[in-house]
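A.B. asks: Structure provided below as structure tokens; questions to follow.
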Amino acid sequence: MNENLPGSPEPFKIKMVEKIRLPPEEKRKGLIERVGYNVFMLKAEDVFIDLLTDSGTSAMSDHQWAGMIETTQAYAGSGSYYSLEKAMKDIFGFSYFIPVHQGRAAENVLFSTMVFPGCYIPNNTHFDTTEANILRNKGTPVNFVIQDAYNSEKILPFKGNMDIKKLEEFIKEKTPGKIPLIMITITNNTVGGQPVSIQNIKRASEVAKKFGVPFFVDACRFAENCYFIKKREKGYKNKAIKEIAREIFSYADGCTFSGKKDALTNVGGMLCTNDKELYEKFRILAIVVEGFITYGGLACRELEAMARGLYEATDEAFQAYRHEQIEYLAKLLRDAGIPIVEPPGGNAVYIDAKKFLPQIPQEQFPAQALTAQLYIESGVRAAEIGSSCFGKIDEKTGKFIPAKMELMRLAIPRRTYTHNHLKYVADCLIKLYKKREQIKGLRRVYTPKLLGHFTARFELIN
Ligand SMILES: Cc1ncc(COP(=O)(O)O)c(C=O)c1O
């Protein structure tokens, strides 16, 4: 991209489109009530603009589609596996990789192998599936993100960073033998898609090494994180995204990866390691639960799409466009006084629902209420990242422990929506903000124990 030209248009043009429809408001009201005020249970065809997630919702390129058609379909040894191997060596640089069907499948193989009852897994902030996969294996997930991450107004370049001092004290307190691995999530989705600095990743890895604990990266949005490093961290301005990625991964012993984000595919994931012994263990389990290692529970064409998508996601012009699009939506909301998490993250704009709806206590799920109301108002589907997702019930007292933050996430699928779509989202949210005191809280009437937010049901409190 020529940096002397004003603005940066999308570095692509549109070749195929999909029709979207806005159901009438009365219908939207009925639909959301019927699904228990949980937008996960809506049919996609009833959603006008779908900002539920940026995961698996990217528009693939003609290059990816062409590769999907051209590649061979084989149980073992498809050419697409070797294309992916090349991309993984080039961009990630780990000694071994195993394709899996999505990020949580990599977590399943990793944690089923390494977690033992009574152990602890530190992270800057675990994502919900990471947390659930650790709990399922009887370990305890712990979060050491810097305290400022919980202050939605505080402007910091790397608000997703790990608190290194707290991490070190925790390892000393619990002893390294109780900690089978340390993770760091880039970008840190749970606290607003916030980036982690390369300095922080390096320091966390040094602490891990000092105590002899393996260090893994949850690399779902590694390319977005690399772009933040390029723009914000001293010494990285002139480095290519791929070079920054290689440096990050050089500090790690392995990673989990969801291709549904920064490989620009609709499905797929990866588990990587440098440790041969560990790889053998992962490989055996992966064959049992995912499939043979040259297809990993995927059609071979999906491997080819990931291989090609990885190069496209690390293209600077693409990342510049992506970050500008998120800032575009953030600015529209910020200028209207809507409380967003500042600075905006790499994959989404997050609304601080505690501030948007101060009249609704956390026991009444303000972020969930806002998400449901936004759907009624506009047909836009966002996601709750608050107490429905991360609230807990104390097992001894039965008391509700709310999440630290009540966020509504407007995740932006990659290359899918135009600025006009986002302008519509902003206009509707601004309209809703003007009548925010009319929005009511919710009562949760059903939730399963693990990952309850996907299927939880709510009733309106009148
Ligand atoms: C930070 C993070 N880790 C892990 C995952 C799980 O990946 P997947 O949805 O492919 O299972 C996600 C998905 O959104 C994520 O955001």
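The values are calculated or read from the model by the stated rules, or taken from the named source; none is laboratory data. Everything numeric here is computed off the predicted structure, so don't read it as measured data. Here Cβ is always computed from backbone atoms with ideal geometry, including for glycine, and neighbour counts include all displayed protein chains. These area figures cover heavy atoms from the full protein model, side chains too; ligands, DNA and RNA do not enter into them. Shrake-Rupley method; radii C 1.70, N 1.55, O 1.52, S 1.80 Å.
A.B. asks: For a Förster distance of 25 Å, can you work out the FRET efficiency between the beta-carbons of TYR446 and GLU45, rounded to the nearest 0.05?
C.D. replies: According to the calculation, E is roughly 0.55.
A.B. asks: Relative contact order of the chain, please, whole-number percent, based on alpha carbon pairs below 8 angstrom and at least 6 residues apart.
C.D. replies: Relative contact order here is 23 percent.
A.B. asks: What nm value, rounded to one decimal, do you get for the distance between GLN199 and THR418 when each label is placed 7 Å out toward the C-beta?
C.D. replies: Simple spin-label model gives 4.2 nm for this pair.
A.B. asks: At 1.4 Å probe radius, can you tell me the per residue accessible area of the chain in Å²?
C.D. replies: 42 Å²
A.B. asks: With only alpha-carbon atoms in the gyration tensor, what are the semi-axes of the equivalent ellipsoid for region 216-257, in Å, largest first?
C.D. replies: In descending order, the three semi-axes are 18, 10, 7 Å.
A.B. asks: Moving to a separate point now. Subtract the Cα-Cα distance of LYS209 and ASP394 from 0.36 nm times their separation in residues, and report this length gain in nm to one decimal.
C.D. replies: Length difference between fully extended and current span is 63.2 nm.
A.B. asks: Would you mind computing, in nm to one decimal, how far apart the modelled labels at ASP315 and PHE292 are, each placed 7 Å from Cα along Cα→Cβ?
C.D. replies: 3.3 nm
A.B. asks: Would you work out the Kirkwood radius for region 1-153? I mean one over the mean of 1/r across all pairs of different Cα atoms, in Å.
C.D. replies: 20.8 Å
A.B. asks: Could you give me the radius of gyration and the Dmax of region 96-236, taking only the C-alpha atoms into account and expressing both in angstrom?
C.D. replies: 14.6, 42
A.B. asks: For the residue pair GLU26 and SER250, what label-to-label distance in nm results when each label sits 7 Å from Cα along the Cα-to-beta-carbon direction?
C.D. replies: In this crude spin-label approximation the distance works out to 6.5 nm.
A.B. asks: Using the structure shown, select from LYS138/LYS392; LYS138/LYS159; LYS154/LYS209; LYS354/LYS396 the pairs with a Cα to Cα distance greater than 21 angstrom.
C.D. replies: Cα-Cα > 21 Å for LYS138/LYS159; LYS154/LYS209; LYS354/LYS396; rest within.
A.B. asks: Quick one: Cα centre-to-centre distance for region 43-87 and region 106-160, in angstrom?
C.D. replies: 28 Å
A.B. asks: Any idea what the alpha-carbon Rg over 2.2 N^0.38 Å comes to for region 84-153?
C.D. replies: The value comes to 1.35.
A.B. asks: Which semi-axis lengths, in whole Å and largest first, follow from the square roots of five times the eigenvalues of the Cα gyration tensor of the chain?
C.D. replies: Calculated on Cα positions only, the semi-axes equal 32, 27, 22 Å.
A.B. asks: Can you work out the base-10 log of I(q)/I(0) for region 203-275 at q = 0.12, 0.14, 0.16, 0.19 1/Å, using the Debye formula on its C-alpha atoms alone?
C.D. replies: Ignoring solvent entirely, the Cα scatterers give -0.36, -0.49, -0.63, -0.84.
A.B. asks: Return one quarter of the surface area of the convex hull spanned by the alpha-carbon atoms of region 279-408, equal to its mean projected area, in nm².
C.D. replies: Over every viewing direction, the Cα hull of region 279-408 projects on average to 12.9 nm².
A.B. asks: Normalised by the residues of region 1-98, what does the relative contact order come to in percent, with Cα pairs under 8 Å and at least six apart?
C.D. replies: Relative contact order of region 1-98: 16 percent.
A.B. asks: Report the Rg/Rh value for region 294-337, based on alpha-carbon coordinates and the Kirkwood definition of Rh.
C.D. replies: Answer for region 294-337: 1.29.
A.B. asks: So how much slack lies between ASN266 and ASN151, counting 0.36 nm per residue of separation and subtracting their Cα-Cα distance, in nm?
C.D. replies: My answer for the length gained is 38.1 nm.
A.B. asks: Quick one: length gained pulling THR72 to ILE401 fully straight, 0.36 nm per residue minus the C-alpha distance?
C.D. replies: 113.3 nm
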